[in-house]
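Asks: Take a look at this one; I'll ask things after.
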Amino acid sequence: MKHFNDLLSSASNDQATSDYMTMSFIRQFEQRLLDMFSQGLMAGTTHTCIGQEANAVAIMGALDREIDTVWSNHRCHGHFLAYCGDAYRLFAEILGRETGVCAGRGGSQHLAWRNFFSSGIQGGLVPLAVGTAHADKEIGAITTVFLGDGTMGQGYVYEGMNLAALWNCPVLFVVEDNGIAQTTRRTAGVAGEIGQRGAPFGIRSRTINSTDIEELREAAIEAADYVRTEGKPFWLHIETVRLHAHSKGDDTRPEEELRELRKRDCLDIARNRVSGETDALDEIVRAYLDQCFETAMADPEACA
Ligand SMILES: Cc1ncc(C[n+]2csc(CCOP(=O)(O)OP(=O)(O)O)c2C)c(N)n1
């Protein structure tokens, strides 16, 4: 099976096109998962990152994926696809096939592939992220850990931040603040300012309210470069939008609010930056995902 990166290099020769294609790849992957769920093809649940694709592309582009480690969360598909592009193995994993990322045993939320790991336990990977950052100092690698605004109530997040600051661990904390946790508004569950959570620990921080890949890339590079060169943690707080339900049908937000949020769709912003025709790019991605999906479907089941 051709790798997505080969597809990307043959179809795009500039940054804007490559960004758009990668984000379209993630969006279309997620939309297919929702279709697969409706068709009863998937066991368990799934959380799509529709609306947040630019964060994944910006952050992964700022890392050295040969050596850096990434710890993700329940909303991990975009992070994973931007990390390695392996849609075939991710489909196979979610479909419970032997050929999946974790031989079909991890499912949608529990991935382990090279230096990429995810878990559905909110914030549970923060202490591990501090650990890999500490351990990998000698090879010049940094660690990134993704969190949501609804994870700000977990005590071990702050225990991890404390140690990261105390021991100068190169950890990039990325908070994807979409303003809602399942159906609970951030305003109902989180006191104070998320962007200021790093300050009491002496952790350099930045808040960026953007869904624009170019702005996000600049912020991601600034943060990752700081972590690598200074050997210290960084708290990057991204104010973003979740454009789909938390999981499948559990979106209680009024249609009017969703309509407003859709005006911030990162894919639309990225599309407007592409000089050529984007329908053809979407079609290339669609055909590629067809192939990945059909190959995964034909693979043997893991637990048969
Ligand atoms: C320790 C723990 N408590 C509760 C849950 C159930 N749960 C899964 S996702 C979620 C909301 C997470 O919200 P947030 O951190 O804002 O991330 P988002 O879903 O918005 O990406 C909850 C409560 C869990 N997975 N882990």
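The values are calculated or read from the model by the stated rules, or taken from the named source; none is laboratory data. All figures in this text were calculated on a predicted structure; none of them were measured in a lab. Note: ideal-geometry Cβ built from the backbone for every residue, glycine included; neighbour counts use all protein chains shown. Quick note on the areas: whole protein, heavy atoms, side chains included, nothing else; ligands and nucleic acids left out. Shrake-Rupley method; radii C 1.70, N 1.55, O 1.52, S 1.80 Å.
Asks: For a test of the definition: using alpha carbon positions, the gyration tensor, and the 1.5 limit on a/c, classify the stretch 4-298 as rounded, prolate or oblate.
Replies: rounded
Asks: Sequence gap at least 6, Cα distance under 8 Å: using those rules, report the relative contact order of the chain to the nearest whole percent.
Replies: Here the relative contact order equals 24 percent.
Asks: Taking H placed 1.01 Å from N in the peptide plane, check which residues at least 5 places from Cys76 or on another chain put their amide H under 5 Å from its amide H.
Replies: Those qualifying (amide H under 5 Å, at least 5 residues apart or on another chain) number zero.
Asks: If you take every DSSP beta bridge fully contained in the chain, what fraction is antiparallel? Give it as a percent rounded to 5.
Replies: Of all bridge pairs located within the chain, approximately 15 percent are antiparallel.
Asks: Among the lysines, which have Cα under 26 Å from the Cα of Lys232 when same-chain residues fewer than 8 positions away are ignored?
Replies: Lys137
Asks: I'd like to check one number: the per residue accessible area of the stretch 4-298, probe 1.4 Å, reported in Å² as a whole number.
Replies: Normalised by residue count, the accessible surface of the stretch 4-298 is 40 Å².
Asks: Only loop residues by DSSP count here, and only those with at most 16 other Cβ atoms within 10 Å; note down the GluC sites (Glu not before Pro) in the stretch 168-262 that meet that.
Replies: Here the GluC sites (Glu not before Pro) that fit, given the DSSP loop and packing criteria, are Glu193.
Asks: With a ≥ b ≥ c the root eigenvalues of the C-alpha gyration tensor of the stretch 1-152, is it rounded (a/c under 1.5), prolate (a/b larger than b/c) or oblate?
Replies: Judged from the Cα gyration tensor, the stretch 1-152 comes out oblate (a/c at least 1.5, b/c at or above a/b).
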